[in-house]
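Remarks on the structure that follows.
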């Protein structure tokens, strides 16, 4: 397996609390013979981490350290050090059934303090039950901005753009402009937007931003959920997606699978019960999967 080495720099408060956070993730302390090392620990999967007296924390192993790094950096972060910003993420772009949900969530020191104990991270790492538990704790927050693109609208937007990345860029721009406009109207400072990068071309979103978005600092990187605002947007978007899926289930009395890998049989069953035209109201028919659903539906 590929071994990863990830290095982050901790402030004094984070250094004091890092060991406690690691222990919560079931990491165990190991002997270390290095005068510049504060501690060394090992994970249940065999990865290692060393905290040096300089504040440098070095992870080595084959597992994904994103969630634990988020916890270490944000669980104890001094709220006065937080740069108020929006984090943006989407859910549903790879799901055949259900909507695409895009959310921008505003994070400042006060909100970080509120959510620090919730354990929010990348929504893909949690069960649906855990997502809904966290979503219920933040769904009444006043400063997140969402766009739900139902399958029928998704098909229309895809026909216009003929490119998923452009479609996503436009929806990201939409929630960014909504958020920045609302915050500005309330005299709330927001100087930065962080996006979980969805395209190899960073210009995708830059080309779609409106007047508000062109005035702020825009940061895009892969695994953007390591940013707490993006992580919150991810959880909120996933919670909204799951709510919409439940509405569809009740409306049709039909269990819609998530994802796009094991949906053909269910798609065929749906078409037999409700007809081809109705498929466009529950599924992203622009997916190549649709041809397989309709080809063998009889």
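All of the numbers you see were taken from the coordinates with simple rules; none came from a lab. Predicted model, so just to flag it, every value in this text is computed and none were measured. Don't worry about glycine lacking a Cβ; one is built from the backbone with ideal geometry, like all the others, and counts go over all protein chains shown.
The antiparallel fraction among DSSP beta bridges confined to the chain stands at about 80%.
Ordered by the number of other Cβ atoms lying within 10 Å of each residue's own Cβ, fewest first, 144, 31 fall into the sequence 31, 144. Here region 1-45 and region 231-292 have alpha carbon centers that stand 42 Å from each other. Taking the longest Cα principal axis of the chain as reference, the axis of helix 228-252 is set at about 30 degrees. Stretching the chain fully between residue 262 and residue 192 yields a gain of 21.3 nm (0.36 nm per residue, less the alpha carbon separation).
Its relative contact order, with pairs defined as Cα atoms under 8 Å and 6+ residues apart, puts region 7-72 at 34 percent. When a/c is below 1.5 the answer is rounded, else prolate if a/b is larger than b/c, else oblate, so apply that to region 256-295 with a ≥ b ≥ c taken from the square roots of the Cα gyration tensor eigenvalues. In terms of gyration-tensor shape, rounded. Peptides 32-41, 224-233, 200-209, 281-290, ordered by how many other C-beta atoms sit within 10 Å of their residues on average, highest first, read 224-233, 281-290, 200-209, 32-41. Compute the Cα gyration tensor for region 82-247, then decide on rounded, prolate or oblate, letting a ≥ b ≥ c be the square roots of its eigenvalues: rounded whenever a/c is under 1.5, prolate when a/b is larger than b/c in the other cases, and oblate in all that remain. Note, shape of region 82-247 comes out oblate. Note: relative contact order over the chain, using C-alpha pairs below 8 Å and six or more positions apart, is 22 percent. What angle, in degrees between 0 and 90 and rounded to the nearest 10, separates the Cα long axis of helix 66-75 from the longest principal axis of the Cα atoms of the chain? Once rounded, one gets 60 degrees. Taken along the Cα-to-beta-carbon direction at a fixed 7 Å, the label points for residue 162 and residue 36 span 5.7 nm. Please work out whether region 1-118 counts as rounded, prolate or oblate from its C-alpha gyration tensor, where a ≥ b ≥ c are the square roots of the eigenvalues and a/c under 1.5 means rounded, while otherwise a/b larger than b/c means prolate and anything else oblate? Because a/c hits 1.5 or more and a/b fails to exceed b/c, region 1-118 counts as oblate. The protection proxy used here, the mean number of other Cβ atoms lying within 10 Å of each residue, ranks peptides 166-178, 60-72 as follows, highest first: 166-178, 60-72.
Only helical DSSP H runs with n ≥ 4 go in: add -39500 (n - 2.57) per run for the chain, normalise by residue count and round the 222 nm mean residue ellipticity to 500 deg cm²/dmol. Kindly include the intermediate steps, with their values, before the conclusion.
On the way: 11 runs with 127 residues, N = 298.
Helix-only estimate at 222 nm: -13000 deg cm²/dmol.
Peptide packing for 88-96, 10-18 was compared via the average number of neighbouring C-beta atoms within 10 Å per residue; ordered from the highest value, the list is 88-96, 10-18.
With the simple spin-label model, which puts each label point 7 Å out from Cα in the Cβ direction, the residue 7 to residue 24 separation comes to 2.7 nm.
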